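The next block holds one structure in the form of structure tokens; read it before the comments.
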Amino acid sequence: MDLLVREAALEDAELIADLTRACWSGRVAPSSSGHHEAPATVAGQLQQGGGFLLFDGQRPIGSVRWLPLDADEGVWEILRMGVLPECRGHQLSQHLLEAVIHQAHASNIDELRLAVRADQARLVDLYAAQGFELALELEYEHANPLEPGPRVMRRILRR
């Protein structure tokens, strides 16, 4: 694989929306809003926060976004991370996660948070290997009211 991670631009909103729907198809509960991702939503999130795209050569194969927490600008929530089904099994999402962590350090962010859906508990170990810890006292700001609440994990970057 010839992997490249690059920061997403507003012009990438449609590509990211398409990727998110493709990455989540058959993997995430049908009631998830990720299955109805719209370019306008993605563009708004890129303007408020940011994102990265993962490529294998010239082919886009994954993406991730982040948003500052409404209540605390020093905290970013990681959203919509995904890799295309045919590319899974090679720990490629780690590249996206590391890019966000690096960007957060460069931006002097205090903490990163992400949600683990109840139907994807196996991801807890993946994120724990990247320094995230379960934070059962926290609620995910973007939780889908039609689904069981996800568990929040956090990684403290600065105290």
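Readers should treat all values here as calculations from the given coordinates under stated rules, not as data from a laboratory. Small disclaimer: the values here were computed from a predicted structure and weren't measured. Don't worry about glycine lacking a Cβ; one is built from the backbone with ideal geometry, like all the others, and counts go over all protein chains shown.
Worth a mention:
- Relative contact order (%) - the chain, alpha-carbon pairs under 8 angstrom, separation at least six: 20
- Phi angles across region 91-104 convert, under the Karplus curve 6.51 cos²θ - 1.76 cosθ + 1.60 with θ = phi - 60°, into 3J(HN,Hα) values of 6, 6, 5, 4, 5, 5, 4, 4, 5, 5, 4, 4, 4, 5 Hz, Gly and Pro given as x.
- Förster-model FRET efficiency, 22 Å R0, His90 and Gln130, C-beta, rounded to 0.05: 0.90
- Cβ-derived FRET efficiency at R0 35 Å, Glu137 paired with Gln58, nearest 0.05: 0.20
- Sorted by Cβ density within 10 Å, fewest first, the residues Asp56, Asp125: Asp125, Asp56
- Distance between modelled label sites at Asp119 and Arg21, nm, 7 Å Cα→Cβ extension: 1.9
- Gyration tensor (alpha-carbon) shape descriptor, region 3-156, a/c threshold 1.5: rounded
- Label sites at Ala71 and Glu14, each approximated as a point 7 angstrom past Cα along Cα to Cβ, lie 3.9 nm apart.
- Per-residue 3J(HN,Hα) values for region 129-135, derived from phi via the Karplus relation 6.51 cos²θ - 1.76 cosθ + 1.60 with θ = phi - 60°, read 5, 9, x, 8, 10, 4, 10 Hz in sequence order (x marks Gly and Pro).
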